[in-house]
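The values are calculated or read from the model by the stated rules, or taken from the named source; none is laboratory data. Computed from a prediction, not measured in an experiment: that's the story for all the values here. Cβ sites come from the backbone with ideal geometry, for glycine too, and all protein chains shown count toward neighbours. Accessible surface is based on the protein model in full, side chains and every heavy atom, while ligands, DNA and RNA are left aside. Shrake-Rupley method; radii C 1.70, N 1.55, O 1.52, S 1.80 Å.
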Amino acid sequence: MAVVPPNRSQNGWPRGVTQFSNKYIQQAKPLTLERTINLYPLIHSLFGTKEPLYEKASSVAARFQHMRKEFDKIGMRRAVEPVLIIHEHRLPHVLLLQLGTTFFKLPGGGLNTGEDEVEGLQCLMTEISGHQGGVLQDWVFDNCIGNWWRPNFEPPQYPYIPVHITKPKEHKKLFLVQLQEKALLAVPKNYKLVAAPLFELCNNAPGCGPIISSFPQLLSRVSFIYN
């Protein structure tokens, strides 16, 4: 009976090394195969209001004109957006801000020049949250689950930089944020906070845009623990 050396796998290759097309790929560390996140019912959270949130520009054309001026001064716009998830009857829902009847957005925002992404996200979450008994809430930032790029001063955004684009106009990062069991959220007076089930977002780019409709795929690698 053949004896396999302790540093060799059953197929004869060194452990931690994979053969692919007659080449050897060294695996630096084991893969993380499962990621879990705690979800709590929406009824556990508390909601307050804050001053209305208005766009700096009154129209889409004016918004991109403003972005063009900012680009000339400081370069590419950087933004962070938190993805907040709760559950209703063990069905995952994403919290969105709704303006009017057809416009939905994440409670995100732009970063200042040189501002760290995580620190900027922490400041952003502080702005959209309240205090519990005078104590500032802690947020658990999981990781970045998406990168979206705006190649031109136009609405289209893509989850990659088109090959012919050397200077993207905006880079947006999506971070999965784990809500506390009893979160307190402050909603702008001119917006509504809605909980959208993942099954309604799936492949629904016409209704909620390409970024939000991608959430079911982005979150498919996460295992939810329903509390």
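Tabulated data for the structure shown
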item: Cα→Cβ-extended label distance, 7 Å offset, between Val163 and Glu34, nm; result: 4.0
item: Rounded accessible area per residue of the range 155-227, 1.4 Å, Å²; result: 51
item: Relative packing of peptides 183-191, 49-57 - highest average C-beta neighbours within 10 Å first; result: 183-191, 49-57
item: Residue list for the range 37-54, given a label point 7 angstrom along the Cα-to-Cβ vector of Glu88 and an amide N cut-off under 19 Å; result: 39-48
item: Qualifying lysines (Cα of each under 27 Å from Cα of Lys73; at least 8 residues distant if same chain); result: Lys56, Lys105, Lys167, Lys169, Lys172, Lys173
item: 25 °C / 0.890 mPa s Stokes-Einstein diffusion coefficient of the range 138-181, Kirkwood radius on C-alpha pairs, µm²/s; result: 205
item: For the range 84-197, Kirkwood radius (reciprocal of mean inverse C-alpha pair distance, Å); result: 16.0
